[in-house]
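This report refers to the structure that appears directly beneath it.
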Amino acid sequence: MTISWYAVAIDCVDARTVAAFWHDATGWPIAAESSDTRVVLHPGGGLPQVTFNTVPEPKATKNRLHLDVTTDDFTAEADRLVKLGATRLRDFDGWSTFADVENNEFDLIGS
């Protein structure tokens with residue numbers, strides 16, 4: 001018996017807003033949608049997918065799991081993410097940590 005990676009699930013107070021941020025950030029299409037969940041699929045409908053699930057409580061502490069995204073134009077992409085609503089939290093050698101519109105942390109890595 002084996003397992004396959006299906007999705008990364010992100011809990012948020014407003015799944016629609018967070019999914020819209022990640023759609024704008026990645027360009028990935030928003031697919032299955034319900035009143036409490038939105039799903040952003042990998043381009044071409046592949047797996048794994050990212051799901052955004054509405055929960056009643058806001059984020060309280062540092063993420064135990066976060067997304068890492070990469071770009072060929074680090075400066076331009078960092079500026080674009082901030083314009084989309086991200087907050088730049090910390091800078092390191094070769095990457096920066098950001099928070100999305102609900103303070104879920106993610107890293108932008110220059111390639």
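The values are calculated or read from the model by the stated rules, or taken from the named source; none is laboratory data. Everything numeric in this text was worked out from a predicted model, so none of it was measured. Heads up, the Cβs are rebuilt from the backbone with ideal geometry, glycines too, and the neighbour counts pull from every protein chain shown. Please note that ligands, DNA and RNA were not included when accessible areas were found on the heavy atoms of the full protein model with its side chains. Shrake-Rupley method; radii C 1.70, N 1.55, O 1.52, S 1.80 Å.
The C-alpha atoms of the chain define a longest principal axis, and helix 15-26 lies at about 50 degrees to it. The residues of the chain present an accessible area of 62 Å² per residue when probed at 1.4 Å with all protein chains retained. Between the listed residues 49, 35, 3, the Cα displaced farthest toward the positive end of the dipole of the chain, a dipole computed from Cβ unit charges relative to the Cα centre, is found at 35.
Per-atom-type breakdown for the stretch 7-111 gives carbon and sulfur 53% of the accessible area (1.4 Å probe, protein chains only). If R0 equals 30 Å, the separation of the Cβ atoms of residue 36 and residue 79 corresponds to a calculated FRET efficiency of about 0.40. When a/c is below 1.5 the answer is rounded, else prolate if a/b is larger than b/c, else oblate, so apply that to the stretch 1-72 with a ≥ b ≥ c taken from the square roots of the Cα gyration tensor eigenvalues. Note, shape of the stretch 1-72 comes out rounded. Once backbone amide H atoms are built at 1.01 Å from N, residue 11 has 53 as its partners under 5 Å, excluding neighbours fewer than 5 places away on the same chain. Springs between alpha-carbon atoms under 10 Å, Gaussian network over the chain: tell me which of 97, 71, 54 tops the mean-square fluctuations. Looking only at 97, 71, 54, the largest GNM fluctuation is found for 71. For the stretch 48-56, 3J(HN,Hα) computed residue by residue from phi via the Karplus equation (6.51, -1.76, 1.60; θ = phi - 60°) reads x, 10, 10, 10, 10, 10, 6, 10, x Hz, glycine and proline entered as x. Give, as a single signed number, the net charge of other residues whose beta carbon lies under 12 Å from the beta carbon of residue 111, with Lys and Arg counted +1 and Asp and Glu -1. Local charge sum for residue 111: -4. Considering helices alone, the calculated mean residue ellipticity of the chain at 222 nm is -6500 deg cm²/dmol, with DSSP H runs of length four and up weighted by -39500 (n - 2.57) and normalised per residue. Antiparallel beta bridges, as assigned by DSSP with both residues in the chain, represent about 60 percent of the total such bridges. Taking the C-alpha atoms only, the angle from helix 74-84 to the longest principal axis of the chain is near 50 degrees.
Relative contact order of the stretch 1-80: 31 percent, from C-alpha pairs under 8 Å at least 6 residues apart in sequence. Packing, taken as the mean count of other beta carbons within 10 Å per residue, orders the peptides 37-44, 86-93, 10-17 from highest to lowest as 10-17, 37-44, 86-93.
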